[in-house]
Amino acid sequence: MRLRNWIAVVVSVILLAAAGTIGFLVNRSALRAADAVHRADSTALGANNATLTGQMQLLSARDLESFAESQSFSLSAGNRGDRATLQAFAAKSGTFSYGVLLTDLTGQVLNASRDTGLPSPTDPGWVPLHNSLAAGRPGFSSIMTVNSIRLEAVAVPIMISGAPVAIVVGLNNVAETDLQKYTQTLKSDTFLTTIVDSTGAVAASGNPQLLGTRVDPAIRAEIAKQPDQAFLRYTALDNTRMIAIVIGNLPGGWAYVRTQTQTSYDGAVHSKSQTLNLTLLAMLLIGVAGIAVLGYRGSLQRRRAHQRFEALFQHAPDLVSVLDAHGRIAYSSPSAISTLGFGGSGLVGQSVFDLVHPDDRPIMVERFGALLAERDAVLRLQCRVRSADERYRWFEFTASNQMQNPSLNGVVINARDISETRAFQERLAHEAQHDALTGLPNRRRMQDVLDSTLRQDAVAVLFVDLDGFKPVNDAHGHEAGDELLRQVAQRLSACVREQDVLARVGGDEFVVLMPGVPGAGDAEAMAARLRHVVDQPFLIDGSKVVIGASVGLHVGAPAEDPDEVLRAADHAMYTMKKSRGIGMRVGRHRAGG
């Protein structure tokens, strides 16, 4: 072969080697970007699920707290009235149907809804519960086993005059809790979701057979560190390489754990990346033998690499897009058809900001600009996106600035439809601030409104206590009492103004907030209307029931202490009730302590 041909061969081989090296680098860069987005997306999903888990735990504690606030207990050991109250609550409760206890502050059982099947007072599972109560938080135990049944205990204090006097403990069978049912909805063929207590015992799992067992020692060690978020690589006892996402610091020291094998986590991206690397290596070896054959194979492999890249996104459940520096869509995966109803090519060239809800657009533009200003930055946010049928759905975005990446030259967007999760979160938030029986705002919501309004305006506070409610409850039963409270709530709601707030703050106690009322005249007229509508007979189970209402009034001035305002209205109600010769119930929870 002449020198010129040798030079051509050498130059061609060098060029081919350079091209192969570039191919390796591009593949590695794209793989790192995909790994970064995948890890961030998986961790964010775990954090969302962990947040829902914590909210469900606290919701069960609030249910128990509402029960404790609405009852008057004798707190004497073995009292029949207390036992009947506990049994009635356990029978109605969807959370603590297994049993309810009354204990003193040391944990000694005073009364219970059942005689057998209770955890031993010396069970170490009580320790985290009492530690949380001592810190002023609702108590959550570790998993305790009684007669092969795995139990969790939730506890709140009974408060009198602002001080704890006893403890209400609810027991639930972890195999039947809402948390277990929710965890099973997260079941997947590729990963396992578990909720673990502070000792590493499984309290909820996508695989019910794992309840009560202990997670891998590596995960237990990570939970002991109490991490907010942790991404753990470890080797299981059967030598399988595993990935775990751990979200800690849940109530009671519990943690959310999502585990899967390294292979399933890496998925097709790593497998196809390795295949591409081997192919490039083969191309380099073949290039030494002959430029013509190597050129042909190079063209063939580049075409196959592109097909593999397209296949990754065609089968991805999430919406993947690439945006240019102006926010225009340069590429959109085929999943746009299933998620938004747009064909993939139908979105190309459009501005992503035109698809975002007008209320979310300003923050989206601002965050996009900040993302472009930082190389390799990653952005996560939630916003509403318009679908092809002109409806808006909630999406969670993970955006990675890959403008400096020559293989992408844009901002990579991974979007997941979270409309159902968002709706569930909003329902939990609503339930946390509203009374489950009447649908009215609860004490916490009322207190927030009173605090914020008093910072800038006067507020008339009317404290309403029902007269004669307990005899109705005793004579007709708790269900009739509940129906009476619902009817009272409806009548009171019809009396208040649109800007007023009506809240149920106790068993038969209601509070009306009238913002912007400078004097007592309008408030006294409102109090008269409230008393009048309550005085009218109620029809309960076919029988007429007559009760009354005592209404205490206080007009709080701007910047006045909210607790003092509420306490003054409560005192006014008490004074009115006393002047009418109506006694107060012993142990009744007074406003403001």
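When you have a sec, figure out the Kirkwood radius of the range 187-243 from all distinct Cα pair distances and drop it here in Å to one decimal? Intermediate values should be presented prior to the final figure.
Numbers: mean 1/r = 0.0828 Å⁻¹.
So the Kirkwood estimate lands at 12.1 Å.
How many percent of all Cα-Cα pairs in the range 370-416 sit more than 14 Å apart?
Numbers: 587 of 1081 pairs.
That tail contains 54 percent of the Cα-Cα pairs.
Whole-Hz ³J(HN,Hα) for each residue in the range 127-143, computed from phi via Karplus 6.51 cos²θ - 1.76 cosθ + 1.60 with θ = phi - 60°, x for glycine and proline: what do you get?
After applying 6.51 cos²θ - 1.76 cosθ + 1.60, I find 4, x, 5, 5, 4, 5, 4, 5, 8, x, 10, x, x, 10, 7, 7, 5 Hz.
Based on the Cβ-Cβ distance of ALA218 and ALA289, what FRET efficiency does E = 1/(1 + (r/R0)^6) give at R0 = 51 Å, to the nearest 0.05? Please report the intermediate quantities before stating the final value.
Details: r = 49 Å, r/R0 = 0.96.
Once rounded, the FRET efficiency stands at 0.55.
Identify all aspartates and glutamates with a Cα-Cα distance to LYS187 below 14 Å; exclude those on the same chain that are fewer than 8 residues away in sequence.
Candidates past the 8-residue exclusion: nothing left.
Rg and Dmax of the range 354-457, Cα atoms, in Å?
My reading of the Cα-based Rg and Dmax gives 19.4, 60 Å.
Determine the dipole magnitude for the chain: charges of +1 sit on the beta-carbon of Lys and Arg, -1 on that of Asp and Glu, nothing else is charged, the reference point is the Cα centre, and the result goes in debye to the nearest 20. Before the final figure, lay out each step's value.
Values: 57 positive and 58 negative charges, 470 e Å.
Charge dipole, the chain, about its Cα centre: 2260 debye, nearest 20.
Compare the Cα positions of PRO121, GLN226, LEU440 along the charge dipole of the chain (+1 at Cβ of Lys, Arg; -1 at Cβ of Asp, Glu; about the Cα centre) and return the one farthest towards the positive end.
GLN226
For ARG302 and LEU59 in one chain, what is 0.36 nm times their gap in residues minus the Cα-Cα distance, to one decimal in nm? The partial results should precede the final answer.
Numbers: separation 243, 0.36 × 243 = 87.48 nm, distance 5.56 nm.
So the extension gain works out to 81.9 nm.
Go through HIS130, GLY542, THR103 and say which Cα lies farthest out towards the positive end of the charge dipole of the chain; charges sit on Cβ, +1 for Lys and Arg, -1 for Asp and Glu.
HIS130
Remind me, relative contact order of the chain in percent, using alpha carbon pairs under 8 angstrom and six or more residues apart? Walk me through the numbers before you get to the answer.
On the way: 1016 pairs, mean separation 59.3, N = 593.
Relative contact order comes out at 10 percent.
Calculate, for GLU524 and ALA557, the FRET efficiency according to 1/(1 + (r/R0)^6) with r their C-beta to C-beta distance and R0 25 Å; round to the nearest 0.05. Display every interim value, and only then the final one.
Details: r = 17 Å, r/R0 = 0.69.
Computed FRET efficiency for GLU524 and ALA557 comes out at 0.90.
Can you tell me the Rg and the Dmax, both Å, for the Cα atoms in the range 22-124?
Answer for the range 22-124, Rg first and Dmax second: 24.5, 82 Å.
Along the charge dipole of the chain, pointing to its positive end and built from +1/-1 on Cβ of Lys, Arg, Asp and Glu, which listed residue (SER60, ILE149, GLY46) has its Cα farthest out?
About the Cα centre, the residue reaching furthest to the positive side is GLY46.
At a 1.4 Å probe, what is the % contribution of carbon and sulfur to the accessible area of the chain?
On the way: 15490 of 28990 Å².
Looking at the chain in its full context, I get 53 percent from C and S.
Quick one: 3J(HN,Hα) in Hz for the range 210-222, Karplus 6.51/-1.76/1.60 with θ = phi - 60°, rounded, Gly and Pro as x.
Ordered by residue, 3J(HN,Hα) equals 8, 4, x, 7, 9, 6, 4, x, 5, 6, 4, 5, 5 Hz.
Could you check the spin-label model distance between PHE24 and SER407? Points 7 Å from the Cα along Cα→Cβ, value in nm.
It works out to 1.4 nm between the two label points.
Stokes-Einstein D for the chain at 10 °C, 1.306 mPa s, Kirkwood Rh over Cα pairs, in µm²/s?
On the way: Rh = 28.8 Å.
Value of D from the Cα-based Kirkwood radius: 55 µm²/s.
As a check on your grasp of the helix formula, calculate [θ] at 222 nm for the chain: sum -39500 (n - 2.57) over DSSP H runs of n ≥ 4, divide by the residue count, round to the nearest 500. Write down the numbers at each step before the final one.
Numbers: 16 runs with 265 residues, N = 593.
Theoretical 222 nm ellipticity from helices: -15000 deg cm²/dmol.
Name the trypsin sites (Lys or Arg not before Pro) in the range 520-554 that are in a loop by DSSP and that have at most 16 other C-beta atoms within 10 Å, would you? Working shown, then result.
Numbers: sites: ARG529, ARG531, LYS544; in loops: none.
Passing sites in the range 520-554 do not exist.
Distance from the Cα centre of the range 419-434 to that of the range 167-209, in angstrom?
Result: 20 Å between the Cα centres.
Can you work out ³J(HN,Hα) from phi for every residue in the range 416-433, in order, using Karplus 6.51 cos²θ - 1.76 cosθ + 1.60 and θ = phi - 60°, giving whole Hz and x for Gly and Pro?
10, 6, 10, 4, 5, 4, 4, 4, 5, 4, 5, 5, 5, 4, 5, 5, 5, 10
At what distance in nm do the modelled label points of ARG375 and HIS532 sit from each other, each positioned 7 Å from its Cα along Cα→Cβ?
My value for the distance between the label points is 7.6 nm.
VAL365 to GLN184: extension gain in nm, 0.36 nm per residue of separation minus the Cα-Cα distance?
Values: separation 181, 0.36 × 181 = 65.16 nm, distance 3.80 nm.
Extra length from VAL365 to GLN184 when fully extended: 61.4 nm.
How large is the accessible surface per residue of the chain, computed with a 1.4 Å probe and reported in Å² as a whole number? Walk me through the numbers before you get to the answer.
On the way: 28990 Å² over 593 residues.
Here the residues of the chain average 49 Å² of exposed surface.
Each label point is 7 Å from the Cα along the Cα-to-Cβ direction; what then is the distance between the points at SER452 and ALA325, in nm?
Those two pseudo-labels are separated by 4.2 nm.
The values are calculated or read from the model by the stated rules, or taken from the named source; none is laboratory data. Being a predicted model, the structure only gives us computed values, none of them experimental. A quick note on method: Cβ atoms are made from the backbone with ideal geometry, for glycine too, and the neighbour counts reach across all protein chains shown. The protein model used for the area step is the full one, side chains on, heavy atoms only, and it has no ligands, DNA or RNA in it. Shrake-Rupley method; radii C 1.70, N 1.55, O 1.52, S 1.80 Å.
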